[in-house]
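As structure tokens, the structure follows; a few thoughts come after it.
The values are calculated or read from the model by the stated rules, or taken from the named source; none is laboratory data. Everything quoted here is computed from the prediction, not taken from an experiment. Neighbour counts run over all protein chains shown; Cβ positions are idealised from the backbone, glycine included.
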Amino acid sequence: MHDPYNYGGALLKGDTSHQAALSIAPHRSRLQAVVLDALRLYRAEGLTDDQIEGVTGLSHQTASARRRELVLSGAVYDSGLRRRTKSGRSAAVWRARGV
């Protein structure tokens, strides 16, 4: 049986984490759509997590969590390309499938 408090391997048993997980649940699919729409808009070049945040206006935590869910669902994939972020780090470039 799926444990709804097991998110990405991290158990969300603490009060704050548990409340945060519950508070985002009703908005998760809408926020996934925001991330997916951004990746579709930039389909030719793809986007890093930093760029997803910039395009969508979502916080780092929200944007990367929704992108990860989309990867796990198969809707988004790592293009194999790397791009420098504003901090100078190398980051994966993500693309939406089927666009």
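Restricting to segment 31-52, name every residue that is assigned to a loop (DSSP other than H, G, I, E, B) and exposed (fewer than 14 other Cβ atoms within 10 Å of the Cβ). Show your work before the answer.
Step one: of segment 31-52, the residues assigned to a loop (DSSP other than H, G, I, E, B) are 42-46, 48.
If the condition is that a residue be assigned to a loop (DSSP other than H, G, I, E, B) and exposed (fewer than 14 other Cβ atoms within 10 Å of the Cβ), then R43, A44, E45 are the ones that fit.
Taken residue by residue, segment 53-63 has at least one member that is modelled with pLDDT of 95 or more, surrounded by 14 or more Cβ atoms within 10 Å (Cβ to Cβ), out of contact with any Leu (no Cβ under 8 Å at 6 or more places or on another chain) and among the aliphatic types (A, V, I, L, M). A count restricted to segment 69-89 and to residues that are under 16 Å from the mean Cα position of the chain (by Cα), surrounded by 12 or more Cβ atoms within 10 Å (Cβ to Cβ) and hydrophobic (A, V, I, L, M, F, W, C) stands at 4.
Comparison of A91, A25, A20 shows that the only residue that is at pLDDT 95 or above and either not hydrophobic (A, V, I, L, M, F, W, C) or not in a loop (DSSP other than H, G, I, E, B) (or both) is A91.
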